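The next block holds one structure in the form of structure tokens; read it before the comments.
The values are calculated or read from the model by the stated rules, or taken from the named source; none is laboratory data. Everything numeric here is computed off the predicted structure, so don't read it as measured data. Methodologically, a virtual Cβ is constructed for each residue, glycine included, from the backbone with ideal geometry; neighbour enumeration extends over all protein chains shown. Each accessible area value is taken on the protein alone, full model and side chains, heavy atoms only, with ligands, DNA and RNA left out. Shrake-Rupley method; radii C 1.70, N 1.55, O 1.52, S 1.80 Å.
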Amino acid sequence: MVGDWRLTAASDRRGFMDLTDADITLSIAEEATTGAGPCNTVDLEVDGGPGAVAVTIGTLTERACADENLIGVEGRYITVLSNVVFAEAGDTTLVLRGRSGKLTYARQ
């Protein structure tokens, strides 16, 4: 799971998220994990995986974001990310699943 990932597909209980203008990344390293959404950045902990995993959201910046669609996508993304319980990692893809939805990333 270690590496730099770009979100390519996301869904939650409301359905698929429109990621057209949303540049969302996740960088997983041995010592720290960070992410960048379309508006803010987040520090988080990822414990476990592949297989069972727990994600704990830490610091989230609170920058202003002019695009209402991106604000909505980011909120939905953070909700799904904070509820992840299972990870599947391949050479080029990372899939995170949880009670709130599914996130699919491609290796950068």
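Among the GluC sites (Glu not before Pro) within segment 1-94, which fall in a DSSP loop and have no more than 13 other Cβ atoms within 10 Å of their own Cβ?
Answer by residue number: Glu30, Glu31, Glu62.
Stokes-Einstein at 37 °C, 0.692 mPa s, Kirkwood radius from Cα pairs: D for the chain in µm² s⁻¹?
241
Relative to the longest principal axis of the chain, what angle (0 to 90°, nearest 10) does the C-alpha long axis of helix 68-82 take?
20
Please list the non-local residues whose amide H lies under 5 Å from the amide H of Met17, H modeled 1.01 Å from N, same-chain partners needing a gap of 5 or more.
The list, which skips near neighbours in sequence, is Ala10, Ser11, Asp12.
Test of understanding: what is the full-extension gain from Glu31 to Ser82, defined as 0.36 nm times their sequence separation minus their Cα-Cα distance?
Fully extending the segment from Glu31 to Ser82 adds 16.5 nm.
At a 1.4 Å probe, what is the % contribution of carbon and sulfur to the accessible area of the chain?
Looking at the chain in its full context, I get 49 percent from C and S.
Give me the 1.4 Å probe accessible area per residue for the chain, excluding ligands and nucleic acids, in Å².
For the chain, the solvent-accessible area averages 54 Å² per residue.
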